[in-house]
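Heads up: the structure comes next, in structure tokens.
The values are calculated or read from the model by the stated rules, or taken from the named source; none is laboratory data. Just so you know, these numbers come straight off a predicted model, no measurement behind them. Here the Cβ positions follow ideal geometry from the backbone for every residue, glycine too, while neighbour counts run over all protein chains shown.
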Amino acid sequence: MKKLLSLVSVLVFILAACDKDHPTTDFPPDNPTVISGPGWLELPEIYKIDGFKFFSHDGTLDGRKIRNWSFYWDFDNRVSSWVAYPLYESIFSGASRTDEWGYDPLLPASPQQNVSGGYKDGNNGWYERGQQIPSSDRAGYELNSSTFYGTNIVPRNPDFNGGLWANLEKKVRSWASESDTCYVISGCITKGAQYYVIDRSGNNVTVPTAFFKAVLRYSRQSSVGTDGFCAAGFLFDHEEYSQSGKCSLKVNKSMSMSVKDLEGVLGFRLFVNLGNAIGEEKAAIVKRENPQNNNWWWK
């Protein structure tokens, strides 16, 4: 498993402003354990039987209602298994931190983290509050303040969080700036976790063993990819990439992997609604493509 986790990663981009060009429907009905849900391109599979629960935030941008970000809450570990959201320039341009740390209004406080004052040391020392959808991905008070909800926070090694992971987040925004929309999934792996931190209410919060990103990029006028879509994935072992010498590396092509390979590690499908937009055969091509061979990501 550790060998797989060392592989490295995925990011997902695409279109929010252009959703009208790619109508979507409910999740594919081929798996009876999958819950029907919104047809948004950024969403992974959602299951009936894993004990997690799906939530979604909306918001306002330029006077119109938009979707903000969604999350899949893991009650046992007190973290979101993943957060998914559309990313395009107008939604993050001019972003400024609100630092409005607090509870998420979509669920009761009792199963959440209390992140108002940062974590206390757990059984492996101190970790800082890391955001799954970064503050810099959302402009305006309403949208930005939601990124400080406890449902968006995970314990991260501070060197990794402010180094390699932050570099990846910046890279994703640069890709979004050159796209109509990037659909992004940002998540963590808790299987096999041994460490925890303690929140301000005395609750244990699991320290993930690994972090991943998947980016589905869409551009209507691009000759890159399939029907304007291409995708990349990233996976980082938390402990390994928190070490000196690796924690502040710049993101490069050798760290990327296909979405299909990332799905193989995670055990569930990403961008589950892409087939509804462009057909299952084309969606499979997008997921199988090795981003290391696509120079658009690395120009």
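Scanning the range 119-146 for residues that are surrounded by 14 or more Cβ atoms within 10 Å (Cβ to Cβ) and under 19 Å from P208 (Cα atoms) turns up Y119, G122, N124, Y127, E128, R129, G130, Q131, Q132, I133, P134. Condition (residue is touching a strand residue (DSSP E or B) at 6+ places or on another chain (Cβ under 7 Å) and among the acidic types (D, E)) applied to the range 268-288: is it met by at least one residue? No: the range 268-288 contains no residue that is touching a strand residue (DSSP E or B) at 6+ places or on another chain (Cβ under 7 Å) and among the acidic types (D, E).
Which of the residues that make up the range 73-93 are among the acidic types (D, E) and under 17 Å from G130 (Cα atoms)? The answer is D74, and nothing else. Among the residues of the range 247-268, those that are farther than 22 Å from A166 by Cβ and at pLDDT 95 or above comprise S258, V259, K260, D261, E263, G264, V265, L266. The requirement of being part of a helix (DSSP H, G or I), among the hydrophobic types (A, V, I, L, M, F, W, C) and farther than 17 Å from A193 by Cβ is fulfilled nowhere in the range 112-130; no residue meets it.
Residues considered: K171, K191. Of these, the only one that is out of contact with any Ser or Thr (no Cβ under 6 Å at 6 or more places or on another chain) and loosely packed, with under 15 Cβ neighbours inside 10 Å is K191. Look at (1) assigned to a loop (DSSP other than H, G, I, E, B); (2) closer than 27 Å to I66 by Cβ and you find that I91 fails only one, number (1). For V224, the test of being in contact (Cβ under 8 Å) with a residue 12 or more places away in the chain and not in a loop (DSSP other than H, G, I, E, B) is failed. A single member of D58, D30, D76 is at pLDDT 95 or above, out of contact with any helix residue (DSSP H, G or I) (no Cβ under 9 Å at 6 or more places or on another chain) and not in a strand (DSSP E or B), and it is D76.
Of the residues making up the range 264-299, those that are touching a Pro at 6+ places or on another chain (Cβ under 9 Å), surrounded by 18 or more Cβ atoms within 10 Å (Cβ to Cβ) and either free of Cβ contacts under 8 Å to residues at least 40 places away in the same chain or farther than 20 Å from L235 by Cα (or both) are N273, G275, N276, A277.
Within the set W69, W82, the sole residue that is modelled with pLDDT of 50 or more, buried (at least 21 other Cβ atoms within 10 Å of the Cβ), within 14 Å of V184 (Cα to Cα) and touching a His at 6+ places or on another chain (Cβ under 7 Å) turns out to be W69. Total residues in the range 228-250 satisfying the condition of being more than 21 Å from E89 (Cα to Cα) and not in a strand (DSSP E or B): the figure is 13.
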